[in-house]
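Here's the structure we're looking at; comments come further down.
Laboratory data are not the source of any read-out in this text; all were calculated from the coordinates shown. Quick caveat: nothing in here was measured; it's all calculated off a predicted structure. Note that we place each Cβ from the backbone using ideal geometry, even for glycine, and neighbour counts take in every protein chain shown.
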Amino acid sequence: MFELLQALKFPLRRAPKDAPPTFFFHIPKCAGTSVWETLYHVYGARNVFIMNSARRRTQFVAMPLETRLAYSAVGGHGPLGYFHEHLGDMGRYHKIVTLRDPIDRSLSEYNYIRAQRAHPRHGEVAAQSLEEFATMTLRPDRQVTLLTGRHDDAEGAIEVVQSFFDDWALSDDVGALTNRLYQAIGTTPRPPQRKNVGNSGLRRADVAPPTLRLLEEQNRFDLALIEALKTARGQ
């Protein structure tokens, strides 16, 4: 549905023909929808391929390699190693990623699944307290795991973000990232359009201290990743 809406909204390409292609590594619940809309806006819908479901990943893998490489923007959900496997040498891409405070990311995931009746885990998570979600359903250290293949490799994840990606941002600074993306592509930016940002559900201030400590324990390597990146950038 998201792809169809973008095709109707952004049918035309605005980027120069010689603009570099973009690879966007979309970690769930890290403001990725806003970045995808920027990519649709600058490259035109038919030049963008987003892997946001098993069906879309299967469709992408079934394409000849030259067809995959013909897209001006590509990426989506999944381990970073998956994209290395199916895109080969990624040096041709302007590579970007968004990350997020892991406690806020976990709360966003919990709220999102509970609000989306069509989500495959809705029934399970709707019946869970946040503490039950943290211990039974939440995948620990999701950001480090997707970046490195291991949940406990915070140092490896820091290295990947700093040396593999050309640009990154935390989710609360995604507008600055998309402005830099417009500059890298060589086209005029439009005002930031934050998408998929909900105000409903539990917030950090609502979480009891014991549950907050549990979330911190489940995300201790993600916390180390984010703190190291913020320190390196002087934040």
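Give, as residue ranges, the helices (runs of 4 or more DSSP H) completely inside region 1-68 that count at least 1 residues that are of a type in the set (Gly, Ala, Ser) and closer than 21 Å to residue 82 by Cα. Spell out the reasoning first.
Numbers: elements: 2-9, 32-43, 54-62.
Qualifying helices (runs of 4 or more DSSP H): 32-43, 54-62.
Please determine, by comparing only the residues of region 138-164 that are assigned to a helix (DSSP H, G or I) and free of Cβ contacts under 8 Å to residues at least 24 places away in the same chain, which one is surrounded by the fewest Cβ atoms within 10 Å (Cβ to Cβ).
Filtering region 138-164 for residues assigned to a helix (DSSP H, G or I) gives 142-148, 154-163.
Cutting the leftovers down to free of Cβ contacts under 8 Å to residues at least 24 places away in the same chain gives us 155-156, 159, 163.
On the way: 155: 14, 156: 16, 159: 13, 163: 7.
Residue satisfying both the conditions and the ranking: 163.
Could you please find all residues in region 1-28 being surrounded by fewer than 19 Cβ atoms within 10 Å (Cβ to Cβ), over 23 Å from residue 65 (Cβ atoms) and either out of contact with any His (no Cβ under 7 Å at 6 or more places or on another chain) or of a type in the set (Lys, Arg) (or both)?
1, 2, 4, 5, 7, 8, 9, 11, 12, 14, 16 - these are the residues of region 1-28 that are surrounded by fewer than 19 Cβ atoms within 10 Å (Cβ to Cβ), over 23 Å from residue 65 (Cβ atoms) and either out of contact with any His (no Cβ under 7 Å at 6 or more places or on another chain) or of a type in the set (Lys, Arg) (or both).
Considering 94, 122, which residue is in contact with a helix residue (DSSP H, G or I) (Cβ under 7 Å, 6 or more places away or on another chain), closer than 17 Å to residue 32 by Cβ and surrounded by fewer than 19 Cβ atoms within 10 Å (Cβ to Cβ)?
Working: 122 fails: closer than 17 Å to residue 32 by Cβ.
Result: 94 is the single residue among 94, 122 that is in contact with a helix residue (DSSP H, G or I) (Cβ under 7 Å, 6 or more places away or on another chain), closer than 17 Å to residue 32 by Cβ and surrounded by fewer than 19 Cβ atoms within 10 Å (Cβ to Cβ).
On the basis of being on the phi < 0 side of the Ramachandran plot, β-branched (Val, Ile, Thr) and either within 19 Å of the chain's Cα centre (by Cα) or assigned to a loop (DSSP other than H, G, I, E, B) (or both), does residue 135 make the cut? Working first, answer last.
Working: on the phi < 0 side of the Ramachandran plot: yes; β-branched (Val, Ile, Thr): yes; either within 19 Å of the chain's Cα centre (by Cα) or assigned to a loop (DSSP other than H, G, I, E, B) (or both): no.
No, not satisfied.
Do you know which residues across region 165-191 are buried (at least 20 other Cβ atoms within 10 Å of the Cβ) and either free of Cβ contacts under 8 Å to residues at least 40 places away in the same chain or over 15 Å from residue 32 (Cβ atoms) (or both)?
Of the residues in region 165-191, the ones buried (at least 20 other Cβ atoms within 10 Å of the Cβ) are 169-171, 174, 177-178, 181, 185.
The one that is buried (at least 20 other Cβ atoms within 10 Å of the Cβ) and either free of Cβ contacts under 8 Å to residues at least 40 places away in the same chain or over 15 Å from residue 32 (Cβ atoms) (or both): 185.
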